Each structure stands twice: as structure tokens, then as C-alpha cells.
Amino acid sequence: MPDTPNLSRRGWLGGVAATAAAGATLTSSSEAQAFSLLRSPEAVVADRVVPSYCELCFWNCGLLAEVKGNRILSLRGHPDYPNAQGRLCGRGNAGAASVIDRDRLKYPMVRVGARGEGRFERVGWKTAYRTIAQGFQRIKAEHGAQALALLYHGRGGPLIRRMLVAFGSPNYAAPSYAQCKGSRDVAYKLTFGEKLTSPEPLDLDETRCMVLFGSHLGENAHNSQVQEFVRARRRGASLVVLDPRMSTVASRADVWLPVRPGSDTAVLLAWIHLLLREKAWNAAFVDKHTVGFEKLERHVQPFTPEWAAAQAGVPAADILRAFDLMRKAMPAVLIHPGRHVTWYGEPDIQRGRAQAILTALLGAFWAPGGIFRPSSPTVKEFPGPDFPDLPKSVDEAAGKYPFAPEVTTTGIREATRTGKPYPVKGWFVHGTNLIQSMPNVGETIEAIRNLDMLVVCDVMPTEIVQWADVVLPEDTYLERYDDLQLGAGKKPYIGIRQPVVTSPHDTRPAWRIAKELSQELGVGDQFAFETFEEYLSARLEGSGVTLAELKKKGVHQLEPTQPAYLRPDEDFHWHTPTGKVELFSQQLADKGFSPLPTHTPIPEPPAGAFRLLYGRSPLHSFGRTQNNPILHDLDSTNVVWMHPAAASKLGLEHGVSVMVTNDKGDATGPVSLLVTERIAPECVYMVHGFGHRSKGLSRANGQGASDSDLVRDYALDPIGGTTGMRTQTVRVRAAQRQERR
Ligand SMILES: Nc1nc2c(c(=O)[nH]1)N[C@H]1C(S)=C(S)[C@@H](COP(=O)(O)OP(=O)(O)OC[C@H]3O[C@@H](n4cnc5c(=O)[nH]c(N)nc54)[C@H](O)[C@@H]3O)O[C@H]1N2
Ligand SMILES: Nc1nc2c(c(=O)[nH]1)N[C@H]1C(S)=C(S)[C@@H](COP(=O)(O)OP(=O)(O)OC[C@H]3O[C@@H](n4cnc5c(=O)[nH]c(N)nc54)[C@H](O)[C@@H]3O)O[C@H]1N2
Ligand code: SF4
Ligand SMILES: [Mo]
């Protein structure tokens, strides 16, 4: 026992009871035995504290691991990391359980059964590499290197990308663009000449009013963003939330606008209309930095609050109340740009443009309390030979998506399915479960069936792994080095991921896989280092910190490279064709798209059907944490939200077991029905990431419902190639006896 002189007997007993209760649930799974350390009679004292950073989501919070031998006793937030501020979220705290998950991938495997059957046999790393290299060389010889593609998400991906680019492939894509924040990237780049960084440069420390479109902070648990948001509220910043569902954050708002799905742009246009009608815009910013003001002024004339109220199904008075809050706080208003913004296709760009334009009119871009100007650290690239000249990517060759800054996952899938604009025959998938993260699983499977080779590098036997020809098991993030974290923000920083413990299995880190496989592919000179320490040291040269120091401290703060705010007299050449902030976008007009934001109403669901909405649980990341022993214990399933009026029409009661179906014959469930007035009657809602079908996930398999199984209809945005996924409507019925678990 640590020395606790002030602990009363009663308090101490309470503590014992709580620990025992926690122990009782934990022992329900065998790995949780590892945590019996918590209850062991002898004192357990860490023999070292190792700094690193989290990978359970892409906020990548800095952490401190307390370790004894090869066991992690606890993970806590690193005090000096801006993205952690001394804390981890619930998922980050539970990260150590991913090391001891009995289901994790333990050795390389090759497929023995039919594709998708999930039958494999164990092989050594050499055999796995040879099999991949032979397959990839054959594809390159028959179809050219562009027939290979990388689909990735996570820290190890860029090293695999280096390998494939050196091999000659231009096709690499992440769902974090086309299925996540792509339309925001495009909209802000079109308007301000640059996309927003991640973490988003939100000036929550200075803001006086926050406006959220969907962004369900608190459920969406990006650590420091939530902490800063809470502090902003405590300081008295006002809060406006648009969401057809009373999310946790909506329930705390000064004004909650339960807008009809997809009608946010109407409200944004009304706010722009009001700002111009009342001559309240920030003239200093608008005059000095923008083009197209007069055209915008004419364009928004019809968009009165009354018009928007009718479009969005909310009272005009509430639109006005929210506007007053913004006006009072100007220019310290934070129009949250959103993150998961791929909802309805092209209308998402229009919404993003309207958010960007409102920000500009408020004078809240690169201004205190709005969006600040982040500084990014620069470090050296690890030297290597020049890359070959690359052929056109699938999207470029197809002449698609004029404003997409990246190749799209959907473009690669389309080429693989159809052979157009050219065939894609080999995929390397690293850290992304395409079966859950891409809309229309049928198209994904059709594409996979057309492949000559699918390599999956993962840590867990998730759904995509079941389709692999070769499975490469990666060390978990607590067992490996990865590339440096180059944190952008007011105070840029360099962070390190390093092994906290060693893997008990025959797993390897991505850097080693990239290096060793590159040798087999004949491009090994891209990775001319023996150890990853050598690689990291070379990158850190001249950065002001050595590898030894960084390994000890975990993070190195740098001075900002530019002021966080635009000076009032600053002349800035924006990186747009006109050198100005483009309220009117000639670029869009030239390609035949609307140069000013427009609102397109989303059709009502057919009678008896609902619009499918989805979001996050604070205790899970996408589909990657449901099998984590601790998080599974805490939050093992999702539920389906439905309004009482809709439920009573269907004769469904709160708590009954239901199936959710679409018009293509897909069904997911059984899952419990949550009957609540917190959701609009025309919608149902579920947390994404549940309803796993992989038998390899012994805890998560079959728990809850999967939105991914239902989203067949998606809307492809022709401007940036992102996929709107809230276009799907669904039906809900009672689960039949044989469907229940
Ligand atoms: N705990 C946790 N946190 C996460 C993640 C995670 O997996 N787990 N993932 C991270 C990632 S990568 C992302 S992209 C973000 C995603 O999180 P967000 O960017 O916040 O995602 P949204 O889709 O904007 O938010 C979902 C909310 O939008 C509401 N909504 C649905 N339709 C509409 C509409 O038409 N208008 C409006 N105004 N609202 C609507 C839903 O009711 C729901 O409350 O979360 C990040 N944070
Ligand atoms: N229907 C629907 N689709 C969505 C969303 C949604 O809400 N609903 N959200 C969208 C958004 S915002 C995003 S950002 C994307 C997220 O898309 P993904 O990043 O594909 O999300 P996950 O489903 O978590 O898949 C992660 C995969 O990586 C594996 N993995 C985890 N850690 C590691 C590691 O350290 N190394 C390796 N090699 N693998 C690892 C996991 O086991 C899992 O197989 O999905 C998008 N797609
Ligand atoms: S927000 Fe949570 S899960 Fe994401 S990186 Fe930070 S601690 Fe990990
Ligand atoms: Mo995302």
C-alpha cells in the first residue's frame, strides 16, 4: 500500500469494494487476468515510465506508460503533449489491453481456403514476403506498376507508400479523405487556398461563441479538443449546435437547432444573409482579403431566416437567436469546420464553402477565437534514390474529381471492379478495415474478387483480414517504433512512438515490413538503414533534439514558425488563383459547378422508411476497439435510436430486439431499440463500428448492428470524389425468434 495517512477507514473500504467489483467483471475474460496485478496483495511498482503516443484514434495523444518487466501497468496522458494535456480518453486508457487480446494476429499467414472464408495457414516471414513479391512482380509485368494500390490509415502507412511509389505505383488512398474529411479539405482549399490541419486549428482558448454542425463533441472524443471545449464553456463562450439528434453536446447548447438532415447549408445561407442585411460583416477582413463580395451579396438576398426555417424545419426565431450570439461574439466566433463531413456528396462541398465563407465574413479566419494559423514542424526526409516518374493515378487517368488533392479509395475500388480506366490487380491494405469503412460492401467484395493479390497488414483479424491472400501481423502500437509525429498547432512539436513492451508473438513493425519487403521487390535502397533508431536520428538532425533526448522526454516543443493570427495590416497572398479569399469561386464556375454555395434539399425517406444517421461512442474508435477486452466490458453493443411517434406507428416498444434492413435485402442486428424524443421522427441513429461479422473477433462478433452493412446508396461528389453516406434509408422491424441471440 502506498502511504495514505489521511484515508479514512470508510473511504478505504469503499475503495476496496469498488476494486473488487471491477475485478469481478474483468475476470470474465481470460486475458483480463493480466490485470489481476491490480488486485495482487504485493505492491506493484513500475520499474520504468516510457513515453510514446496513442494509436487508438488519429488524435495520437502523447502518453506515459508505467511498465514492470514486460507488462504495462497503466497508461496516462503526457503532460507536455498539446493533444493530451496530461490526459487520455477512455479508449486511450484501455490501450494496454490490445497487447494482451488473445484474438490478435500472432504470425504471418497465407490463405488456404476460398477468398473470404478466413482459412489460413501459418508461414514464416520470408515465405510471406516471397509470396507477396512474386505476386506484385507478376502484376507489374502483366499490367504495369499502376495496377498496384495501397489503401491505408495510420502511422505505418507512409513507409509502405514509400515502398510502392519506388516500385512505380501512383495509387494510394485513405478513407480519412473520401469517407471522412475530404469535402472539408476541398471547400477550405477552394476558399482560403489551404486545407485545415488535423488536429483542427480551432482557437477554443479564445473563442466567445462556438457553432457546431453535427460535430458531436464528447461522443466524438478527440481528447484535447474536448478539454478545450469544456474550458471554453466554463469561461462563458456561447454554444450553437445543429443536429437532428439531441447529441450530448446539443443537450448543453444555448441554441439547439434540430435541423432536417442535410439542411445545414440553408441555415448557413440565412446567417450570411443576416450578416449582410445588417451590415455587420467584418469590413476590414472582407475589403483587404476577399473577392466576390458583391456577387455573394446578390446571391444570398432570397435566403431569409424564414426561408431557412422552412427548409430546415426549425423556428426562424431560433435561427435569429443563434445569429445574435454570433454577432455579440464577433470576431471571436468559431464556425467548427466538422471532421466527418461526407454526408450527401456535392452538397457537402457547398456546406463546407458556406462554413468557410461565413468564417471569412465574421473575420474569424486566422483570428483570435476563430480558426488560428498553425505552425508545423519540419524535419529532414530520410535520404533515398529519386522516385521513378509515376503514371497517372486511377482518378487522373479517368479525368475525375478536378479538385481532389488525393487519390480516392472509391476510385481505386472502381478501377479494380471494372478495369477502367485501367485494371488494378494488387492491393496492399494497411490499418484500414475497408469492409466497414467504405460504403457499399458489395462493391468492395466485387473488387476484391477481381484482384490477383490482396495483402493485409493488421493487428486484429477484422473483416478485411478474412479476404486476404497474405496476412502480415503488425506489432501493436505499444510494441514498436513508428515514424515521428509532426504536430501542427500554435506550438508545433515532434513526438516519438517507441516500444513500451516487446510483442509476445511473431509480429513485426510496419517500418521493418516496408524495409524487408522492399528488398524482395528490388527497391530496398529506399530504406538504407539497419535499425529504426538510425532512420529517426537522421530525420531529427538539425531539429534541435536528439533521438536519445526525445526517447526520454517523449515530445519536443518548437517555436512557432509564424504568428497564429493575421496582423490587421498584413498583406497576405492567399494560395488561390486570385491570391484572395474566394467568396465567389471562378475555379468552380469554370468546371461547371456552382461558384456560390447553394442548398439542395435532401428527399424525404419513403413512407415507413427512415434516414440512417450514425456517429461515435466515446468508448470506441470506428470499428477497431469493439474487441478490446476492457472496452468491450464497458460498452459491448450499440442500440438503435427511434422517435416515440415512429416507434408507436410500427408497434415497437423501447428495449425490444429489432433488425434494421435496407431496400437491397441487407439486414443487421439483432439490436435493442432505444425509443427517445432525442431523435427526429424521420431518422434512426446508431453508433458506427459494431455488428462485426468476423468470427476471429470473439467478443465483438455479432454484437449490435452495423451501419456499414446497410449503406449501399452513396453519393459521389464530382468535385472532390468524396462519398456521402447518409443517403441511405432503412426500415426497422421486430427481430424474429430465430434471429435473436
Ligand atoms: N470516441 C470517438 N471519437 C472520435 C472517433 C471515434 O471513432 N470515436 N472518430 C474520429 C473521427 S476520424 C472523426 S471523422 C470524427 C467524427 O465525428 P464528427 O465529425 O462529430 O461526425 P459527424 O458526422 O459530424 O457527427 C455525427 C453527428 O452528426 C449528426 N447528424 C446527422 N445528420 C446530420 C445533418 O444533416 N446535420 C447535422 N447538423 N448533423 C447531423 C448525428 O446525429 C450525430 O450526432 O470523430 C473523431 N472522434
Ligand atoms: N458506415 C460508416 N462508414 C464510415 C464511417 C462511419 O461512421 N460509418 N466513418 C468514416 C470515417 S470518419 C473514417 S476516419 C473511416 C475510418 O476507417 P478505418 O480506419 O478503416 O477504421 P477501422 O474500421 O477502425 O479500421 C481500422 C483497421 O486497422 C486495424 N488496426 C488498428 N490498429 C492498427 C495498427 O496499429 N496497425 C495496423 N496495421 N492495423 C491496425 C484494425 O484492426 C482495423 O482492421 O471510416 C469511415 N467510414
Ligand atoms: S483521443 Fe483517445 S483514443 Fe484518440 S489518440 Fe487520444 S487517447 Fe488515444
Ligand atoms: Mo474520420
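For this structure, a couple of remarks:
- Based on Cα contacts under 8 Å between residues 6+ apart, segment 257-327 shows a relative contact order of 51 percent.
- Proximal lysines relative to Lys552, as straight alpha-carbon distance under 27 Å, when same-chain residues fewer than 8 apart are discounted: Lys68, Lys380, Lys490, Lys491, Lys515
- Measuring nothing but protein heavy atoms, the accessible surface of segment 288-344 at 1.4 Å probe radius is 56 percent carbon and sulfur.
- Full-stretch length increase - Asn70, Asp389 - with 0.36 nm per residue and alpha-carbon distance subtracted: 110.3 nm
- The value obtained for the chain, namely the Cα convex hull volume divided by the number of residues, is 173 Å³ per residue.
- Size of charge dipole - the chain - debye, nearest 20, with Cβ of Lys, Arg +1 and Asp, Glu -1, no other charges: 1240 debye
- Residues Leu588, Leu650, Leu88, ordered by accessible area of protein heavy atoms at a 1.4 angstrom probe radius and largest first, appear as Leu650, Leu88, Leu588.
- Relative contact order %, segment 333-425, counting alpha carbon pairs below 8 Å whose residues are six or more apart: 19 percent
- Taking the DSSP beta bridges with both ends in segment 558-712, the antiparallel portion is around 35 percent.
- Per-selection metrics, segment 106-247 (Cα): Rg and Dmax in Å: 22.4, 64
- Take each peptide in 231-241, 361-371, count the other Cβ atoms within 10 Å of every residue, and average; sorted highest first, the result is 361-371, 231-241.
- Where only alpha carbons of segment 582-741 are counted, the Rg and the Dmax (Å): 18.3, 59
- Prolate/oblate/rounded call for segment 528-623, Cα gyration tensor, a/c under 1.5 rounded: oblate
- Pairs of Cα atoms farther than 26 Å apart, segment 275-404, %: 42 percent
- Phi-derived couplings, Karplus 6.51 cos²θ - 1.76 cosθ + 1.60 at θ = phi - 60°, listed residue by residue for segment 723-728: 10, x, 10, 9, 7, 7 Hz, with x used for Gly and Pro.
- Each of Lys552 and Ala607 was given a label point 7 Å from its Cα along the Cα-to-Cβ line. The distance between the two points is 7.5 nm.
- Basic side chains Lys and Arg get +1 at the Cβ, acidic Asp and Glu get -1 at the Cβ, and with that the dipole of segment 333-485 about its Cα centre reaches some 680 debye.
- Within segment 422-518, antiparallel bridges make up roughly 25 percent of the DSSP beta bridges whose residues both belong there.
- With every protein chain in place, segment 131-264: carbon and sulfur % of accessible area (1.4 Å): 45 percent
- Segment 194-317: C-alpha gyration tensor shape, a/c 1.5 cut-off, then a/b vs b/c: oblate
- Evaluating kT/(6 pi eta Rh) at 4 °C and 1.567 mPa s, with the Kirkwood radius of segment 154-228 over Cα pairs in the Stokes-Einstein relation, gives 85 µm² s⁻¹.
- Principal axis box of segment 73-120, alpha-carbon based, largest edge first, Å: 49, 22, 17
- Nearest-20 debye value, segment 106-208 charge dipole, Cβ charges on Lys, Arg, Asp, Glu: 700 debye
- For the chain, the solvent-accessible area works out to 38 Å² per residue, with a probe of 1.4 Å and every protein chain left in place.
- Rounded to 5, the percent of DSSP beta bridges in the chain classed as antiparallel: 50 percent
- Counting only aspartates and glutamates at least 8 places from Lys126 when in the same chain, those with an alpha carbon closer than 19 Å to its own are Asp458, Asp469, Glu474, Asp475, Asp506, Glu516, Glu520, Asp525, Glu530.
- The residue among Gly345, His299, Ala309 whose Cα reaches farthest toward the positive pole of the charge dipole of segment 282-390, with charges on the beta-carbon of Lys, Arg, Asp and Glu, is Ala309.
- Straight-line reach from Lys425: taking Cα to Cα under 20 Å and skipping same-chain neighbours fewer than 8 places apart, the lysines in range are Lys140, Lys392.
- Ellipticity estimate at 222 nm from DSSP helix runs (n ≥ 4, -39,500 (n - 2.57)) divided over the chain, nearest 500: -8500 deg cm²/dmol
- The listed peptides 98-108, 545-555, ordered by packing as a protection proxy, come out as 98-108, 545-555 (highest mean of other Cβ atoms within 10 Å first).
- Surface accessible to a 1.4 Å probe, Ile132 within the full protein complex, Å²: 0 Å²
- Length released on extending from Asp590 to Glu278, taking residue separation times 0.36 nm less the Cα-Cα span: 109.1 nm
- Expressed in Å, the radius of gyration and Dmax of the Cα atoms of segment 403-514 are 16.8, 47.
- Taking the accessible area of segment 70-125, probe 1.4 Å, and keeping the other protein chains in place, the carbon and sulfur fraction comes to 44%.
- Three-way shape label, segment 572-658, alpha-carbon gyration tensor, a/c 1.5: oblate
- Working from Cα pairs under 8 Å separated by at least six residues, relative contact order for the chain is 18 percent.
- Karplus-derived 3J(HN,Hα), 6.51/-1.76/1.60, for each residue of segment 167-174, Hz, glycine and proline x: 6, x, 9, x, 9, 9, 8, 10
- Contour minus Cα-Cα distance for Glu381 and Lys288 (0.36 nm per residue): 29.7 nm
- Once Rg and the Kirkwood radius are both taken over the C-alpha atoms of segment 122-186, their ratio Rg/Rh works out to 1.07.
- Remark on Thr727: its backbone amide H falls under 5 Å from those of Ala715, a criterion applied only to residues 5 or more positions apart or on other chains, H modelled at 1.01 Å from N.
- ³J(HN,Hα), Karplus 6.51/-1.76/1.60, whole Hz, each residue of segment 275-284, x for Gly, Pro: 4, 7, 4, 8, 6, 9, 5, 7, 5, 4
- Extending 7 Å from Cα along the Cβ direction at Asp254 and again at Ala141 yields two label points whose distance is 6.9 nm.
- Highest average packing first - 372-384, 71-83, 720-732, Cβ atoms within 10 Å: 720-732, 71-83, 372-384
The values are calculated or read from the model by the stated rules, or taken from the named source; none is laboratory data. This is a predicted model, so every value here is computed, not measured. Cβ sites come from the backbone with ideal geometry, for glycine too, and all protein chains shown count toward neighbours. Ligands, DNA and RNA are excluded from the accessible area calculation, which covers all protein heavy atoms including side chains. Shrake-Rupley method; radii C 1.70, N 1.55, O 1.52, S 1.80 Å.
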